[in-house]
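Only the coordinates and a few stated rules stand behind these numbers; no lab work does. Here the structure is a predicted model, which means the values were calculated and not measured. Every residue, glycine among them, receives a Cβ derived from its backbone with ideal geometry; neighbour counts consider all protein chains shown.
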Amino acid sequence: MNAIVLAGGKGTRLAPLTTLVPKPMLTVAGYPMLDYVTSQLYFYGITDIVYAIAYKKEQIEERAKQYRGVEASFSIDEVPLGTAGSVKQARDMLDDVFVVISGDCLNDINLLSMIKSHKTSGADVTMAVVKREDTTKYGVVTVDKNNVITSLIEKPQTNDYGNLINAGVYVINKKIFDGQKDGMLDFAKDVFPILVQNGKINAYFHDGLWSDIGAIDDYYWANFYMKDHTFFPMIKTRDSELYNTHDGNVISSTAKVFGKSINSIVNNEATVVSGVKIRNSIVLPQSVVERNCTNCIVGRDFIFKLSSQSL
């Protein structure tokens, strides 16, 4: 079985962090988000991986080609196609049953267990679902006693439809694209509704890590969470970046810290100048910190201050 990683997003809500890099290439605790997703697939024996790419696609291609033990191929969205449109365009590269996973969502879903659940259920789609108190930013699902999804409501205005949301990780039978139009196609709006009506989507319940990095607060939180947690061995690359961890910091071996760093993440080729103290901060690659920072994200030409509640 192979997988497709949806890695074409621009990450508009993460600007200015995504001005120079595509969203899946933003580093989290030292590693691009794409590394975490690929490591998860590799851990569960999925090594034939298609990357659906668009915005700043060259950066993702370059990174994916470095993964050891992975057969990477690429499907390029020359125009916006939507989530399902990107997958449909790549269908000739995919097996009859395959995994769909976002390139910018961190999770520790047991993919082997999910695949097994899919094969025994007889469903055309198995959808990972997680619980959230505030469901208004997500697709909300309801299920019956057999875990068959009975409704899917996109971004409801209230939290009156239960607390289960679509986690954006699927095991899919390729035949669901038979007869679907080419071009723009969205899973939630165009593909899933008829399958829900026919009882062909099953829910796979996940109660572990799931972080949809849609906003800067999410990105900041994910960095400090992943700094202290390990779920899958990180996949090796041809030019593996080395990071040193000490005193609560994660510091790249190519970074230069002449000042003081406390509980912070300093990425590759970044510099903290002498006399400067940073605390609870993230220094993005090739950035320079020239003044004291607390609860900040520092880029090449910006400093983004966050509240202490973001951690």
So in the chain, which Cys have no other cysteine's beta-carbon sitting under 4.7 angstrom from theirs? C105
Dipole of the stretch 46-182, positive direction: furthest Cα of N107, T83, A64, with charges on the beta-carbon: N107
Any idea what the dipole of the chain comes to, in debye rounded to 20, about its Cα centre with Lys/Arg Cβ at +1 and Asp/Glu Cβ at -1? 460
Over the Cα atoms of the stretch 113-179, each weighted equally, I'd like the Debye log10 I(q)/I(0) at q = 0.12, 0.19, 0.24 Å⁻¹, rounded to two decimals. -0.33, -0.77, -1.05
Consider a paramagnetic label point 7 Å from the Cα of E154 along Cα→Cβ; state which residues of the stretch 8-29 have an amide N under 19 Å from it. 8-13
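Sequence gap at least 6, Cα distance under 8 Å: using those rules, report the relative contact order of the stretch 241-310 to the nearest whole percent. It would help to have the intermediate numbers written out before the result.
Numbers: 185 pairs, mean separation 14.4, N = 70.
Relative contact order here is 21 percent.
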Straight distance only, please: which aspartates and glutamates reach the Cα of K137 with their own Cα at less than 17 Å, same-chain residues fewer than 8 apart left out? D104, E154, D160, D186, D212, D217, D218
Taking alpha-carbon centroids only, the stretch 200-259 lies from the stretch 267-299 a number of Å equal to 18
So which lysines can K175 reach, going by Cα to Cα under 20 Å and dropping same-chain residues fewer than 8 places off? K88, K116, K119, K189, K200
Kirkwood Rh for the chain from C-alpha pairs, in Å, is 20.3
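For every helix of n ≥ 4 consecutive DSSP H residues, a contribution of -39,500 (n - 2.57) applies; sum these over the chain, divide by its total residues, and give [θ] at 222 nm rounded to the nearest 500 deg cm²/dmol.
Numbers: 6 runs with 56 residues, N = 311.
Value at 222 nm, helices only: -5000 deg cm²/dmol.
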In Hz, Karplus ³J(HN,Hα) per residue of the stretch 108-122 (6.51, -1.76, 1.60; θ = phi - 60°; x = Gly, Pro): 10, 4, 6, 5, 5, 5, 5, 5, 4, 4, 5, 5, 8, 7, x
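What ratio of Cα Rg to 2.2 N^0.38 Å holds for the stretch 171-278? Mind showing how you got there, number by number?
On the way: Rg = 21.7 Å, N = 108, 2.2 N^0.38 = 13.0 Å.
Working it through for the stretch 171-278, the quotient is 1.67.
May I ask you to work out the translational diffusion coefficient for the stretch 241-310 at 25 °C, viscosity 0.890 mPa s, via Stokes-Einstein with Rh from the Kirkwood sum over Cα pairs, reported in whole µm²/s?
213
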Within straight cross-link reach of K65, meaning Cα distance under 21 Å, which lysines are found once same-chain residues fewer than 8 apart are removed? K10, K23, K56, K57, K236
Space enclosed by the convex hull of the alpha-carbon atoms of the stretch 16-87, per residue, Å³: 101
Quick one: if the Förster radius is 51 Å, what FRET efficiency do M93 and Q286 give, using the C-beta to C-beta distance and rounding to 0.05? 0.90
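Applying a 10 Å radius around every beta-carbon, put 212-220, 183-191 in order of their mean neighbour count, most first. Before the final figure, lay out each step's value.
Working: 212-220: 19.1, 183-191: 17.3.
Averaged packing, sorted descending, gives the order 212-220, 183-191.
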The chain: angle of helix 216-227 to the longest principal axis, Cα-based, in degrees nearest 10: 80
